[in-house]
Each structure stands twice: as structure tokens, then as C-alpha cells.
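Heads up, the thing below is written out as C-alpha cells.
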Amino acid sequence: MLEIEQAREIITAGLSPLNPVIHPVSSTILGYFLGEDILADLDSPPFPKALMDGFAVRANEAAPGKALALNSMELSAGMAVDFALPPGCACPIMTGAPIPFGANAVVPLEFAKTTSTQVEFITGEINSGWNILPQGAEYKSGEKLLQTGDQITSQNIGILAACGKTSAFFHPAPKVAIVATGNEMVEPNQTPGPAQIRNSNATMLGALISESEGMPKYLGRAEDTEKSLEGIFQEAFTLDVAIITGGVSTGRLDLVPKVLSQMGVEILFHKINMKPGKPMLFGRTSRGTPVFALPGNPVSAFVCFHLFIRPALLALRGGKKEQREIPAALTQGLDYHSDRPTLHPACLKLGQVNQVTPATWFGSADMLSLSRANALIFLPAEKSSFAQGEVVRCLPTIRHLV
Ligand code: AMP
Ligand code: MG
């Protein structure tokens, strides 16, 4: 059987970022990856700029205790400056204003003693360049500020706005189809009849997709019949990614693998050496849409999403491989035996020494334990006893660990 790492490699090896599309620059592109290089259209600052409120002077004329004549004009931000500072003069200036020709320092207000016609400075030596940001100090026109593949943060949005980019090319969010399968399923707004259960996976997967910056589209529930499955899969294959839950194991009504094969999906693997999630299948349609068929048990679907689909969505969005694993010491001993590597729900606490406490867990149908956890710990198959203090690999499962 395939190991987890092998499965991950098979999935990501066949994926390349979706073609960049032009998109307005706004908070909706946070987390997107750039599909073009961004060059500065101007120097920044575009003129030498005062960084303090004070007096523009020639540094060599402005010795402490020496009076300078007060220039009658005051310079403020937004005033186009077209004059040279007369010799022996200090010119009142505000933060953000262009420096007048000839001046090479700004002495802050708090160091100045003024009369109506003169100013004197109470400070140490006044150096050339003091409180002035030279033209182009931050960046020069034509300089590359952001590059293809950079992820958009609020700061990067600030850069895009500063250089006049109101729209730019980004790799789009993958549109992800969700299909639930199972005769026993009713939707969350319905009351299950005898032997029925609510379809919790579709909503949960939608949230996981959104959290991974994909665009979920729930297509509905298929019955466990070839006809019903085929009809809904057809639609799913028109999106960028298709996720199916349930019907992928070995029971008589687990028809998903058979129907996928009949529809020409190339099955790249079926079954992984892991717990939960062993029956997972991955394939590709003839036009290249990746298809993930996850076991229906909610914890299995959740674990498979984190291990396999999240990295796949990241690759489609143009991102680089994430390093999400965190080592942590077990706060208590754990006896756990399985013939397969197991991902066990746990509570992770970051600190000088990261600590992790395994959750009480009743297996792949036990969503409640998972909802009270914030991580999965990797338990290798060959061990059945884990000591307190032993360091284990953890995979965070919530967006922000606090
Ligand atoms: P399956 O993978 O179809 O054999 O389903 C395994 C278990 O998961 C069964 O107990 C199903 O009832 C349950 N299950 C399947 N699909 C869902 C779903 N969408 N939401 C919640 N539970 C599900
Ligand atoms: Mg089923």
C-alpha cells in the first residue's frame, strides 16, 4: 500500500498553478499569489521629503546656539516647492513636505527656540541628511517590488496601491466541487429518519476549502447508484477540483471507484497506508481535473483534506510547499496500537517547549473529539507505547494556534 508521503508526491507532481487572471486589488486578494512582477512606476519618495515637523536648514549654518533668519514661507505636505533656501535662513517645514533646494537637514520643532524673525537651536551637532528621506531612498522607478509567486499580504496591498496598481494578475482561487454520496444521508436542515444521518461532510469540506482559499461549490448528494453518481460527477468534473465523500471503500454499494473508471478517470492511487483515511482514491479526468474521493467518515474526510487536498489547492493557487508540521512533547503517555500510521486528534500548545495532549478519541466517526482538538499527531505503526515527554510530529488543524 502507498505511504502518505508517496501519495502526496503523486498528487502534487501532476499539478501546476492555474493560469493567472486579472483581478482588482482589494482585500479579497489577501492570500492570493501574484502572477506577474510588480515594478515601481515612480521613485519613492518622489522628492526629498521632510520626516519631521521643524526647520529646513543648511546643516553647516545651523550650529547650536546660532540664530538663523526665519523664512517667511512655511512648507507643508502637498506644496510643490520651487525655491532655494536663502543663505543664513531656516524655513519652517512640516512632515511630508518637499525639502527646498539648498537645505540638507530638518531640525525638529522641539529643538527650536523662535522669535518672530529668528530661530535658534538647542541641540548637539546638526548633521547633513538629518530627518530627510532622499528621493528614491525607498525604491527607484522601474525597480521590482514584488515578484511572481509572492503571496499577497496587507503590506503587499499597500505596495500595489502605492505604485498605482488597481488591478494585477493573480492565480485564481480553485473552484472546488463537493459531492456527498450515500443513501442514508439527509441535509443538515432536515431531521434524520430511522437509520439516516445528516450530511455533515459537505458543509465541513466547504469550510476547509474556504480556509485554504479555494472556492467551494456543493453540488448535492448522490444516491449509491451508478446513474446518480455519474450524473453528479459529470458536473463536478467541469470545475478545477472535484471532491467526493463516501462510497470509496469495498462494500457492494461503494460504487465511486467503479463509476470514476467508467467515466474515464485515470485512478492514480486507491488506498493509503494510514488511519483514518485508508480507502482514499485520487485520480485525474481526461481534461486533467484532479479528483479526490474521500471516505465518508467525517474524521477520515477531514484528515485526508489536511494531508492531501490542502497542499493540492496551494499548488493550484501558485503557492510553495508549506512547512506545517510542528514537533511537540507529549504531556502524558499514550498507549495506542494500529497496524497503520495513525493521525490522532490532539491539543497542541505552543510555548518554549511545545506541548501536545492526545484527545480521547473513538475513531473515524468521532467528530466531537476532533472539534475539541487543534492538531493531529502522527503515530507510527511500529510503536504502540508513547512516553510522556516524547516528541511527536503534529499537524495543526486550525487556522490560528493561540
Ligand atoms: P462510506 O465511506 O460511504 O462507507 O461511509 C462511511 C461512514 O461515513 C458511514 O457511516 C456513513 O454514513 C458516513 N458518512 C458518509 N458520508 C457522510 C457525510 N457526507 N456526512 C457525514 N457522514 C457521512
Ligand atoms: Mg456510503
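The values are calculated or read from the model by the stated rules, or taken from the named source; none is laboratory data. Keep in mind that what you see is a predicted model, and the values were worked out from it rather than measured. Neighbour counts are summed over all protein chains in view; Cβ atoms, including those assigned to glycine, are modelled from backbone coordinates with ideal geometry. Please note that ligands, DNA and RNA were not included when accessible areas were found on the heavy atoms of the full protein model with its side chains. Shrake-Rupley method; radii C 1.70, N 1.55, O 1.52, S 1.80 Å.
Some observations on this one:
- Under the Debye formula (equal points on every Cα, no solvent term), log10 I(q)/I(0) of the chain at q = 0.12, 0.13, 0.14 Å⁻¹: -0.93, -1.04, -1.16
- Carbon and sulfur %, accessible surface of the chain computed with the full protein complex present, 1.4 Å: 54 percent
- Summed over the residues of the chain and divided among them, the accessible surface reaches 48 Å² per residue at a probe radius of 1.4 Å.
- Trypsin sites (Lys or Arg not before Pro) within segment 85-170: DSSP coil, no more than 13 neighbouring Cβ in 10 Å: Lys140
- The chain: angle of helix 201-211 to the longest principal axis, Cα-based, in degrees nearest 10: 20 degrees
- Given 16 as the ceiling on other Cβ atoms within 10 Å, longest exposed-site-free region of the chain for chymotrypsin sites (Phe, Trp or Tyr not before Pro) in DSSP loops: 84-335
- Check: segment 49-133 dipole with +1 on Lys, Arg Cβ and -1 on Asp, Glu Cβ, in debye: 80 debye
- Nearest-20 debye value, segment 326-401 charge dipole, Cβ charges on Lys, Arg, Asp, Glu: 280 debye
- Signed unit charges on C-beta, dipole axis of segment 326-401, positive-most listed residue Gly389, Leu350, Leu330: Leu350
- Fraction of antiparallel bridges per DSSP, the chain only, in percent to nearest 5: 65 percent
- Taking the helices alone, the chain has a mean residue ellipticity at 222 nm of -4500 deg cm²/dmol, built from -39,500 (n - 2.57) per DSSP H run of at least 4 residues and averaged over all its residues.
- In this view, the solvent-accessible surface of Lys383, computed with a 1.4 Å probe and all protein chains in place, comes to about 70 Å².
- Gyration tensor (alpha-carbon) shape descriptor, segment 175-302, a/c threshold 1.5: rounded
- Cα gyration tensor category, rounded, prolate or oblate, for segment 181-244 with a/c compared to 1.5: oblate
- When both segment 1-40 and segment 270-294 are represented by their alpha-carbon centers, they are found 20 Å apart.
- Global geometry of segment 326-401, whether rounded, prolate or oblate, following the gyration tensor of its Cα atoms and the 1.5 cut on a/c: oblate
- For segment 8-136, the Kirkwood estimate of hydrodynamic radius, built from reciprocal distances between every pair of different alpha carbons, is 17.6 Å.
- Candidate lysines - alpha carbon under 17 Å from Lys113, same-chain residues fewer than 8 apart omitted: Lys66
- Which listed pairs, of Lys175/Lys320; Lys140/Lys175; Lys278/Lys383; Lys227/Lys321; Lys175/Lys258, have C-alpha distances above 27 Å, in listed order: Lys140/Lys175; Lys227/Lys321
- Separation between Cα centres of segment 93-138 and segment 329-400, rounded to whole Å: 60 Å
- Size of charge dipole - the chain - debye, nearest 20, with Cβ of Lys, Arg +1 and Asp, Glu -1, no other charges: 760 debye
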